[in-house]
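To start, the structure under review is shown below, and the notes come after it.
The values are calculated or read from the model by the stated rules, or taken from the named source; none is laboratory data. Computed from a prediction, not measured in an experiment: that's the story for all the values here. Positions of Cβ are backbone-derived with ideal geometry, glycine not excepted, and every protein chain shown enters the neighbour counts.
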Amino acid sequence: MLSVLISLLLVILVLLSFRRLKIPPVLGYLVTGILVGPSVFELLADSEQMHFLAELGVVFLLFSLGLEFSLPKLMSMKGLVFGLGSAQLAITTSIVAGVCLSVGLDIEQALIVGVVIALSSTAIVIKQLSEMRQTNSGSGQMAISVLLFQDIAVVPVLILIPMLGTDSDFGLSLLLALGKGVGAFIIIFLAGKLILPKLFDEIARARSDELFVLTAIMVVVFTGALTYSLGLSAALGAFLSGMMLGESKYRHQLDADIRPFKDILMGLFFVSIGMMLNLSLLVEQWSLLLICLPLLILAKSAIVALIYFNRRAKRRSALKSGFYLAQVGEFGFVVLALAQKNALLSETTVSLIIALGVLSMAMTPILMHKADALAKHVIKSHELLDKPLPTPITCELMKDHVVICGFGRVGQTIARFLKKEAITYIAMDQDPVRIQEAIVGGEKVLFGDSRHRDILKNCHVDKAKLVVITFDDNHSVLQVLSACKEMGQDIEVMIRTRDDTDMRKLKEAGAQTVVPEALEGSLMLVSQVLFLSGVPMSRVLKRIQIERKNQYKFMHGYFHGDESSHNMELDLEQLHAVALPLDAYVIGQSVGDLPLERLRITLRGIRRNHEEISEPDSDFVINEDDVLVLCGKPRRVERAERYLLNGG
């Protein structure tokens, strides 16, 4: 019991530390597994019960994934699942098997190792995609399709491995496995269409949260057990049942009820993976692992990208999904254990592949977060198109037009409204695929880097009525702004930014108008709220104009919460309420006595007896139990709070 308590404490401490350092929690679970495993403290036994609970985590994860994939959606993805999935598995297995044969393994061993390396981690990839909200992106759909095919393909692999080296009939065994799979699908499909909706209708009428949760768990475990009893993957059965219920009205409630169990069990799964790492082997064969690990990541990433090499529009998504899949999966460990049990692989080979797999899993969260930047770097946006881009013939005749630098979401939106008003415009961008599509669609777009003076000159910036810079990179924006001003100081430049952090710097550099997108979006929302609350539109517009004139000062600062440091980076300032106890240093002082300028903060208001005083006079005397609302950067606010309470 003591060892379990210490292990739980380690999990909490490691996860808390990793969260503070903004390191993905999956790595925290893996590190905890290494610490509590046989290689370090030996706190937890590598028991069958623990592996069972860990596998349940994968089952719940696949059920949640199934809820997001209805049968029609899966059928629409059949090209990706069976096309890309089968190609990835076959090519990767063949290449790895060829390498294994060259180093002395026999054909059976080489094929087993090839399959193990080809499999990727459904658990880690899907969890990370969900956290990154990339499940429905192009690269996310590719990765999930490959993982689904791998989960299906691992079934015959698990059946065939015990038969290798024996005289069993392979054809009959495969036919039997296929029959079991079809039978399981038909049973779960019929149950999902005919029985489960009625069951959940009855449970919902009972209005018992506990009963609903228990029924959801029963469905997940039952369908997993059904496919497992047929010799198939339990996770596959859970996915199929989730997919059937994904079309029901209970989909979102089921997902919410299952999530706590899924998250805890998935954490246990990753701990069990970390426990499998043999640190002594890592020390002994570090040089070999150092060579194999980057080769594994590069090879698996490149294979998916090369499959779509001729489909230019999907190259970057394919490379990103390749980075997502560049690890050894949990089913690979199952295959390894089965191969070792049947004396098909040596213990040294198995241990080496496990070490390689755990290390590749540990790198996956970081690699997935960097995948977009890596894909952009590898497939550079300025590479030449297969066909030369035509230059709009109207470009040379333009005068009093609008030049749009950057033709992404914002640039295209501006262009649409300009076109509606019959205002001439020319846009430039560096994404060749986007430009090809836009030109075919009749847009006036040039391929070029707007930081270069010659490109701006081709767009006749000196004759333009307005230049709009839409991309969110202030360093590049300043370069474009400088190039425009070199061509004419009177050129009107409007800049779109994410927030107003660099508004002063941009205006000093020559921008006439800076539009902070996040703050303007908030202003539009506020205007609608005020108008629908009964405030006359003229007063609403006046208030918005005042806010813009004051450079959005009233919108600075917000009360920070637990997620603020991770997800809310639009504003560097924060609001903080300080309640003054009886012995606070500033009790009895006036607002004018407070060194607000020295502390570099502002006083937003004072609350006294549940009433708010938004602009207290300088002679307003501070009393006990007053609440002072401070606004400023976090460290300055902390210093100000210490001053208010203790002085100094």
For segment 52-103, which positions are modelled with pLDDT under 75 and in contact with a Ser or Thr (Cβ under 6 Å, 6 or more places away or on another chain)? 54, 77
Inside segment 529-648, counting only helices (runs of 4 or more DSSP H) that do not spill past its ends, which hold 3 or more residues that are modelled with pLDDT under 85? 537-549, 564-567
Would you point out which residue out of 144, 186, 117 is surrounded by fewer than 19 Cβ atoms within 10 Å (Cβ to Cβ) and at pLDDT 80 or above? 186
Mind listing just one residue for me: the one in segment 502-558 that is farther than 26 Å from residue 601 by Cα and among the β-branched types (Val, Ile, Thr) and, of those, surrounded by the fewest Cβ atoms within 10 Å (Cβ to Cβ)? 529
Across segment 302-324, what is the number of residues that are at pLDDT below 75 and part of a helix (DSSP H, G or I)? 3
Considering every residue within segment 468-480, establish whether at least one is part of a helix (DSSP H, G or I), surrounded by 17 or more Cβ atoms within 10 Å (Cβ to Cβ) and in contact with a Cys (Cβ under 7 Å, 6 or more places away or on another chain). yes
Failed criterion for residue 499 (all others in (1) part of a loop (DSSP other than H, G, I, E, B); (2) surrounded by 14 or more Cβ atoms within 10 Å (Cβ to Cβ); (3) of a type in the set (D, E, K, R); (4) modelled with pLDDT of 85 or more hold): (4)
Does residue 126 meet the test of being assigned to a helix (DSSP H, G or I), at pLDDT 90 or above, within 33 Å of the chain's Cα centre (by Cα) and under 21 Å from residue 269 (Cβ atoms)? no
Mind checking which residues of segment 250-284 are under 16 Å from residue 12 (Cα atoms) and among the charged types (D, E, K, R)? 263
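What do you reckon, is residue 258 surrounded by fewer than 18 Cβ atoms within 10 Å (Cβ to Cβ), touching a residue at least 24 places away in the same chain (Cβ under 8 Å), closer than 24 Å to residue 331 by Cα and not basic (Lys, Arg)?
On the way: surrounded by fewer than 18 Cβ atoms within 10 Å (Cβ to Cβ): no; touching a residue at least 24 places away in the same chain (Cβ under 8 Å): yes; closer than 24 Å to residue 331 by Cα: yes; not basic (Lys, Arg): yes.
No.
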Assess whether residue 204 counts as being in the same structural domain as residue 128 (by TED's automatic domain parsing), over 31 Å from the mean Cα position of the chain (by Cα) and aliphatic (A, V, I, L, M). yes
Based on this model, can you work out whether residue 34 counts as outside the structural domain of residue 361 (by TED's automatic domain parsing) and at pLDDT 80 or above? yes
Residue match in segment 347-354 (condition: among the charged types (D, E, K, R), in the same structural domain as residue 285 (by TED's automatic domain parsing) and crowded, with 21+ Cβ neighbours inside 10 Å): no
Give segment 479-500 a look and list any residue that's closer than 26 Å to residue 522 by Cα and in contact with a helix residue (DSSP H, G or I) (Cβ under 8 Å, 6 or more places away or on another chain), or say none. 493, 495, 496, 497, 498, 499, 500
Restricting segment 451-497 to residues that are without any contact (Cβ under 8 Å) to a residue 24 or more places away in the chain and farther than 15 Å from residue 510 by Cα, the residue that is farthest from the chain's Cα centre (by Cα): 454
In segment 325-344, which residue that is modelled with pLDDT of 85 or more and under 19 Å from residue 277 (Cβ atoms) is surrounded by the most Cβ atoms within 10 Å (Cβ to Cβ)? 327
So which residues in segment 590-648 are among the hydrophobic types (A, V, I, L, M, F, W, C) and within 25 Å of residue 501 (Cα to Cα)? 596, 599, 601, 603, 629, 630, 631, 637, 640
Across segment 174-194, what is the number of residues that are aliphatic (A, V, I, L, M) and closer than 11 Å to residue 245 by Cβ? 2
Output the residue which, of all residues in segment 228-259 that are in contact with a Ser or Thr (Cβ under 7 Å, 6 or more places away or on another chain) and not in a helix (DSSP H, G or I), is nearest to residue 152 (Cα to Cα). 233
